[in-house]
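The values are calculated or read from the model by the stated rules, or taken from the named source; none is laboratory data. No experiment lies behind these values; they were computed from the predicted model shown. Neighbour counts run over all protein chains shown; Cβ positions are idealised from the backbone, glycine included.
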């Protein structure tokens, strides 16, 4: 098959694009490199640097494409609070631009990477796709809005659409920016360098951590699965892990004691969030294979930054 992966030089996008290429597909990647690294891509992948809102550029890339994976997005919750307009322009506007270009070029299926963040603070866990989202950041709002756009436009223009709500993905080569770094690479870095980890809130808030290879497996299945049109599907591990438990796992895999600091002046986000993955199991045959401790060990083995 012939695929376009938008945001394909980012953490998830590169892992997906490389797996598609290994499996023998023709893979095109579009990324503006604001948070990506094209050197992570296999040489047979056709890479284009550009803006997801550039419709003429999208036209040039979409010819004969069988399916688009739409991962291009700004992804920091904290940054979105500071720059909501930019998040709306890329995450919502870019999605609409892509759908227009797909209509114009006759591409018939898109797999959209949404986020478990759309659920926000809900009283009952695990969260199910039928639960009404309660987003608590511009990032979460932008992902929920983009879901509505792809499904509505898909109905109007006869484009197959499926949205995967990815929970806390992690794995080797995940970006480690100076500010707003994802929690797992941040904690591992602090552990191996002898630093301290800061737990915001009380440290007991929970999340659902899903290893990158398991996310890629779900994305691969979504491109060809039957009966997924207009579906929203949770992709997580289904396991609830607190920040305190995560620190304990980090200590076990690194063999180092981690000094913990608590900052209760800053919110730690929603108190609980874990995915009900029964729909993914039913529609995609999805079964997460990599547990959290094994995933952390994989990062230590494969990512030179933590060695």
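Laid out as a table, the results:
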quantity	calculated
Single residue of the range 224-246 satisfying the filter (surrounded by fewer than 20 Cβ atoms within 10 Å (Cβ to Cβ) and in a helix (DSSP H, G or I)) that is modelled with the lowest pLDDT	244
Any pair with Cβ under 9 angstrom, 6 or more apart, that starts in the range 81-94 at a residue that is under 18 Å from residue 35 (Cα atoms) and ends at one that is assigned to a helix (DSSP H, G or I) and modelled with pLDDT under 95	86/79; 87/79
The range 77-115, subset surrounded by 16 or more Cβ atoms within 10 Å (Cβ to Cβ) and at pLDDT below 95, residue nearest to residue 159 (Cα to Cα)	77
So residue 136, is it assigned to a loop (DSSP other than H, G, I, E, B) and more than 24 Å from residue 256 (Cβ to Cβ)	yes
Tally of residues being within 15 Å of residue 223 (Cβ to Cβ) and within 16 Å of the chain's Cα centre (by Cα) across the range 1-14	5
Residue check for residue 93: farther than 25 Å from residue 225 by Cα and part of a helix (DSSP H, G or I)	yes
Of the criteria (1) touching a residue at least 24 places away in the same chain (Cβ under 8 Å); (2) surrounded by fewer than 23 Cβ atoms within 10 Å (Cβ to Cβ); (3) over 21 Å from residue 135 (Cα atoms); (4) out of contact with any strand residue (DSSP E or B) (no Cβ under 6 Å at 6 or more places or on another chain), which one residue 205 fails	(3)
Answer from 66, 51, 32 - the residue that is modelled with pLDDT of 95 or more, more than 16 Å from the chain's Cα centre (by Cα) and closer than 17 Å to residue 154 by Cα	66
Positions within the range 20-60 being assigned to a helix (DSSP H, G or I) and surrounded by fewer than 18 Cβ atoms within 10 Å (Cβ to Cβ), in sequence order	22, 38, 39, 40, 55, 56, 57, 59, 60
Some residue of the range 185-193 being under 22 Å from residue 277 (Cβ atoms) and modelled with pLDDT of 95 or more	no
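For (1) free of Cβ contacts under 8 Å to residues at least 40 places away in the same chain; (2) more than 21 Å from the chain's Cα centre (by Cα), each residue gets a yes or a no:
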{"site": "250", "(1), (2)": "no, yes"}
{"site": "257", "(1), (2)": "yes, yes"}
{"site": "260", "(1), (2)": "no, yes"}
{"site": "267", "(1), (2)": "no, yes"}
{"site": "274", "(1), (2)": "no, no"}
{"site": "277", "(1), (2)": "no, no"}
{"site": "290", "(1), (2)": "no, no"}
{"site": "304", "(1), (2)": "yes, yes"}
